[in-house]
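No value in this document is a laboratory result; all are computed from the given coordinates. Computed from a prediction, not measured in an experiment: that's the story for all the values here. In this analysis, Cβ positions are derived from the backbone assuming ideal geometry, glycine residues included, and neighbour counts consider all displayed protein chains.
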Amino acid sequence: MVARPAPAPVPGALADRPVRRDGPPPATEGDVWALLSQIPDPEIPVISITDLGIVREVALDGRAVRVAITPTYSGCPATFVIAIAVEAALLDAGLTPTVTSRIDPPWTTDWLTEAAREKLRRYGIAPPATRGPEACPHCGATTVTQVSRHGSTPCKAQWRCDACAEPFDYFKCH
Amino acid sequence: MSATDPRPPASQPAAELFEFLCRMGDNTLVLGHRLSEWCGTAPALEEDIATANTALDLIGQTQMWLGLAAETEGAGRSADDLAMTRDAWDFRNLLLVEQPNGDFGRTLMRSFLFDAWHRLMLERLTLSGDPRVAAIAAKAVKEVAYHADRSAELVVALGDGTEESHGRMQAALDRLWPYAGEMLADDAIDRAMAEAGIAPLPSALADPWEESVRTTLTRATLTVPEGAFAHRGGKDGARHSEHLGHMLTTMQWLQRAYPGARW
């Protein structure tokens, strides 16, 4: 009988990682927010996690910091990646982070900042609106047609511009 | 990442609550897995993506429901343990959601019948006396409203479609209708949940469910089968169909081969 192979060892997500520290750790919660605003959304890297409105709380106590994050969609695979990115950034800054998930109140696209909506538009994604995309993010025409209610990530749908005929992603109103 | 913030209410029927949470989480887990079986093979790219997205939502909801179930149980098990190390007799999902995919029409009909119930159930659960249940429901209902709209739209498009698509949707309805009754039947766990103010009685959902489902099926030019026979035994685990065990051997393969494997 052939011995069953052992599964490959998997390193811890943050273990064995050189910690980079430039200057003193963030001294205020505002500093922590500023730090978090530098972390991109892994699926739409043009906007940050604070643009997305998913950082719900930052509580700083000396070097200990608690950060609460809310998922956009409950099964969004990026949520886990974001939690690791937040933890890594705070460790790098010399803090001791505790990252928790908070589902209540549920995330809504109303929490996207105005800056984020403009960044999405320039990136080629129509920002959320109650009645669907207001205009084609490529040419600005307002005659647009839904191709599918779903898209390449849980937060997007597929649309097409009737004027320039280009397909585009629409950030679903949620 | 740790569990949710709100604390449990002072007194609650823990054993019955655990059962109830397993029912919610096992429904989403089993249907989520079934839908994921279409990934890469659905009849059109858009439908493939939509089906996979729906599966993803359901698996995400499973993490919340089974996470709370594990916390309620207090036996040191996690959501992953509940999903991957229980066998068929410990699953508490409805018989409907474990039925095989069949053709795409049957998959859609199964989703349609379940989604209509799921939306109603979650809407009521947002008012649950247990704030943790209410929070999960508030998160999930936004996603499930989307699922329900899509499956109803497609049931109409295909039911009121070609002769071929109509025939397949009618066959799917005839086959799956006897599995719908289990969603709307009360048992001792349901009564305990209702008395504790945690969840509505399933029978209280029967009228709005029938109304919404029959309205859509009429638009789809489909005929609702006569007779009130309902298969039972999924949500209490007494008589799962043979399909669940086969599904679990696939879904749980890795944990069965390498118990405790992590990555």
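For the stretch B:162-177, putting each phi into the Karplus relation 6.51 cos²θ - 1.76 cosθ + 1.60 with θ = phi - 60° gives couplings of 8, 4, 5, 5, 4, x, 5, 5, 5, 4, 5, 5, 4, 6, 8, 3 Hz, in residue order, rounded to whole numbers and with x for Gly and Pro. Taking Cβ separations below 4.7 Å as the criterion for a possible disulfide partner, the isolated cysteines in chain A are A:76, A:155, A:173.
Each semi-axis of the equivalent ellipsoid for the stretch A:114-171 is √(5λ) with λ an eigenvalue of the Cα gyration tensor; in descending order they amount to 15, 14, 10 Å. Using alpha carbons only, how many degrees (0 to 90, rounded to 10) separate the axis of helix B:131-159 from the longest principal axis of chain B? Tilt relative to chain B: about 10 degrees. Per residue of peptide B:140-152, the mean number of Cβ atoms on other chains within 10 Å of the residue Cβ is 2. Approximating the spin labels as points 7 Å out from Cα along Cα→Cβ, the residue A:141-to-residue B:174 distance works out to 4.7 nm. Each residue in A:168, B:20, B:112, B:229 was given a count of other beta-carbon atoms within 10 angstrom of its own, and listing them fewest first yields B:229, A:168, B:20, B:112. Among A:159, A:111, B:65, the ranking by other beta carbons within 10 Å of each residue's beta carbon, starting with the fewest, stands as A:111, A:159, B:65. Between B:252, B:61, B:99, the residue with the greatest mean-square fluctuation in the GNM of chain B (Cα pairs under 10 Å linked by springs) is B:252. With a 10 Å cut-off around each Cβ of A:144-153, the average count of Cβ atoms from other chains is 4. Counting only DSSP beta bridges with both residues in the protein assembly as shown, what percent are antiparallel, rounded to the nearest 5? Taking every DSSP beta bridge with both residues in the protein assembly as shown, the antiparallel ones total about 65 percent. Label positions at residue B:153 and residue A:111, each projected 7 Å from the Cα along the C-beta direction, are separated by 2.6 nm. The label point for residue B:243 and the one for residue B:87, both projected 7 Å from the Cα toward the Cβ, are 2.2 nm apart. Computed from backbone phi, the HN-Hα couplings of the stretch B:198-214 come to 8, 9, x, 5, x, 4, 6, 8, 4, 5, x, 5, 4, 5, 5, 5, 5 Hz, rounded to whole numbers (Karplus: 6.51 cos²θ - 1.76 cosθ + 1.60, θ = phi - 60°; Gly and Pro given as x). Please identify, among A:84, A:54, A:125, the residue showing maximal mean-square fluctuation in a Gaussian network model of chain A using a 10 angstrom Cα cutoff. Largest GNM mean-square fluctuation: A:84. Its residue count N fixes a reference of 2.2 N^0.38 Å for the stretch B:115-255, and the Cα radius of gyration divided by that reference is 1.18.
Most fluctuating residue of A:108, A:70, A:130 in a GNM of chain A with Cα springs under 10 Å: which is it? Greatest mean-square fluctuation among the candidates belongs to A:130. List the GluC sites (Glu not before Pro) within the stretch B:173-263 that fall in a DSSP loop (any state other than H, G, I, E or B) and whose Cβ has at most 11 other Cβ atoms within 10 Å. Here the GluC sites (Glu not before Pro) that fit, given the DSSP loop and packing criteria, are B:226.
Decide, for the protein assembly as shown, between rounded, prolate and oblate: order the square roots of the alpha carbon gyration tensor eigenvalues as a ≥ b ≥ c, take rounded if a/c falls under 1.5, and otherwise choose prolate if a/b is larger than b/c, else oblate. The shape class here is oblate.
FRET efficiency for the residue A:91 to residue B:250 pair, using the beta carbon distance and R₀ = 30 Å, is estimated at 0.20. Using only alpha carbons, chain A has a radius of gyration to Kirkwood radius ratio (Rg to Rh) of 1.08. The P(r) of the stretch B:33-125 has a tail past 17 Å containing 58 percent of all C-alpha pairs.
The orientation-averaged projection of the convex hull spanning the C-alpha atoms of the stretch A:29-101 amounts to 4.2 square nanometres. Put in line by how crowded their Cβ is, counting other Cβ atoms within 10 Å and starting with the fewest, A:109, A:98, A:145 read A:145, A:98, A:109. Among the trypsin sites (Lys or Arg not before Pro) in the stretch B:199-263, those located in a DSSP loop and surrounded by at most 10 other Cβ atoms within 10 Å of their own Cβ are B:262.
Couplings 3J(HN,Hα) of the stretch A:158-166, computed from phi: 9, 10, 9, 8, 6, 7, 9, 6, 7 Hz, in residue order, whole Hz [Karplus 6.51 cos²θ - 1.76 cosθ + 1.60, θ = phi - 60°; x for Gly and Pro]. Place a point 7 Å from Cα of residue A:33 in the direction of its Cβ. Which residues in the stretch A:88-115 have their backbone N less than 15 Å from it? Label zone hits: A:112-115. Distant-in-sequence amide contacts of residue A:147, defined by a placed amide H-H separation under 5 Å and a gap of 5 or more residues or a different chain, comprise A:158, A:159, A:160. Look at the stretch B:61-70: the mean tally of other chain Cβ atoms within 10 Å of its residues' Cβ atoms is 2.
Quick check: convex hull of the Cα atoms in chain B, volume per residue, rounded to a whole Å³?
For chain B, the hull spanned by Cα atoms encloses 127 Å³ per residue.
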